[in-house]
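Note sheet for the following structure.
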Amino acid sequence: ALPLLVKYNVPATFYIFTDAIGAKNFLSWNDIFVIDKAGMEIACHSVTHPMLTKLDPVKAFQEMEQCRMILEKRLGKPIIDFAYPYGDYNHDIMTLTRNAGYTTGRTSNKSKYNSLSNLFKINALDAHDDLKEFKRMIAE
C-alpha cells in the first residue's frame, strides 16, 4: 500500500508492536524506516500485543511505555499515538495510555466519527481489500 499512499499523498498511521518486528510476515526495521521516511506516521501498538485489560496495571503501563521508548530510540523522534491491541481498553487503560506519554488511543470501534473531547477513544474503520465495501462504509 505504501507506493499508493505516497503517489496519492494520503497520510497513514502504521501501528507497530515491537516484539513482532523482523518476524515472518511482519515488518522489519528497514521496512519501518522506509515507511517513516516516506512521511507516514509510526505509532505504538504495545510490545507483545496483549489484552491490556487482563494485565496488572503496572505491566500494562510497561507494555505501552517500552513500545514508545523502543520506537523513539530507533527512529530518533517522538512517538505520540497508540492503538489498543485487540481494541481492548477501558477507562483505566485510557488513563494509563495518557500517563505513558501518548496523545491519542485508537480503538477498534467501528465508526468513521470521532470527537475531539476524547482522543483516547478514537474509532476506526477496517480497510480491507474490497474497495466497494470500503466505499459503502465511508458513505454511511
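The table below lists the values:
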quantity: Ellipticity estimate at 222 nm from DSSP helix runs (n ≥ 4, -39,500 (n - 2.57)) divided over the chain, nearest 500; calculated: -11000 deg cm²/dmol
quantity: Low-density loop cleavage sites - chymotrypsin sites (Phe, Trp or Tyr not before Pro) in the range 1-67, where at most 15 other Cβ are within 10 Å (DSSP); calculated: TYR8, PHE26
quantity: Loop trypsin sites (Lys or Arg not before Pro), the range 5-105 (other Cβ atoms within 10 Å of the site Cβ: 13 or fewer; DSSP); calculated: LYS24
quantity: In sequence order, calculated HN-Hα J values of the range 46-56 (Karplus, 6.51, -1.76, 1.60; Hz; x Gly/Pro); calculated: 4, 8, 10, 6, x, 6, 4, 5, 8, 8, 4
quantity: Pairwise centroid distance, computed over Cα atoms, of the range 63-88 with the range 1-28, Å; calculated: 14
quantity: Interchain or long-range residues, amide H under 5 Å from THR104's placed H; calculated: PHE82
quantity: Reciprocal of mean inverse Cα separation for the chain (Kirkwood radius, Å); calculated: 15.9
quantity: Charge dipole of the chain about the Cα centre (unit charges at C-beta), most positive-ward option of PHE61, THR95, LEU125; calculated: LEU125
quantity: Förster-model FRET efficiency, 30 Å R0, ASP126 and ARG98, C-beta, rounded to 0.05; calculated: 0.75
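None of the figures in this text is laboratory data; all of them are computed from the coordinates on show. Model, not experiment: these values are computed from the prediction. Cβ atoms come from the backbone with ideal geometry, glycine included; neighbour counts cover every protein chain shown.
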